[in-house]
Amino acid sequence: MATPQRSFPDVLQDIIANLQQMIRYEFRLAKTEIAEKATAAARPATTFGVGLVLAFYGVGFLLLACVYALSAVIAGWLAALLVGAVVGIVAVALMSSSGKKLKGMNYTPEKTIRSL
């Protein structure tokens, strides 16, 4: 039994259709990988945001209490300045540690890159 010969345009159409399908699959894989990476980044980002909010309110109340306590010993403006500087340093340290975790994450779709 002889197999029928396919014409060149038919073969070319099949090749183009297969390439289109492969590109669609690669984009789908890339979207899935990016979604996974975003989900992994959600927790540190949420923790960072909660830390910022808590730092804001906590700093406000602690600053007020410390300023009142120190104003009995030193001038009020100097007490406020001292307390503000200390709290600012602590807030920067907390944000820096969470920021490093977020920067350390790899957001590239590695599976997609390997398959290309």
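Annotations
- Subset of region 1-45 [among the hydroxyl-bearing types (S, T, Y) and either touching a helix residue (DSSP H, G or I) at 6+ places or on another chain (Cβ under 6 Å) or surrounded by 11 or more Cβ atoms within 10 Å (Cβ to Cβ) (or both)]: Y25, T32
- Here region 88-107 is the region considered, the condition is being over 26 Å from V59 (Cα atoms) and touching a helix residue (DSSP H, G or I) at 6+ places or on another chain (Cβ under 8 Å), and the residue that is modelled with the lowest pLDDT is Y107.
- Just so you know, in region 61-104 the residues that are surrounded by 12 or more Cβ atoms within 10 Å (Cβ to Cβ) and within 30 Å of A30 (Cβ to Cβ) include one that is nearest to the chain's Cα centre (by Cα), and it is L102.
- Residue pairs whose Cβ atoms lie under 8 Å apart, separated by 6 or more positions or on different chains, with the first residue in region 20-44 and under 11 Å from K111 (Cβ atoms) and the second of a type outside the set (D, E) and assigned to a helix (DSSP H, G or I), are E26/T112; E26/S115; L29/K111; L29/T112; L29/S115; A30/T112; E33/K111; E33/T112.
- The condition of being over 30 Å from A93 (Cβ atoms), charged (D, E, K, R) and in a helix (DSSP H, G or I) holds for only one of R24, R43, R6, that being R24.
- In this structure, Q13 qualifies as without any contact (Cβ under 8 Å) to a residue 60 or more places away in the chain and either among the hydroxyl-bearing types (S, T, Y) or assigned to a helix (DSSP H, G or I) (or both).
Yes/no per residue for (1) among the aromatic types (F, W, Y); (2) modelled with pLDDT under 90; (3) in a helix (DSSP H, G or I):
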| site | (1), (2), (3) |
| --- | --- |
| A30 | no, yes, yes |
| A55 | no, yes, yes |
| F61 | yes, yes, yes |
| V73 | no, no, no |
| V86 | no, yes, yes |
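The values are calculated or read from the model by the stated rules, or taken from the named source; none is laboratory data. Nothing here was measured: the structure is a model prediction, and the numbers come from that model. So basically every Cβ, Gly included, is an ideal-geometry build from the backbone, and we count neighbours across all protein chains shown.
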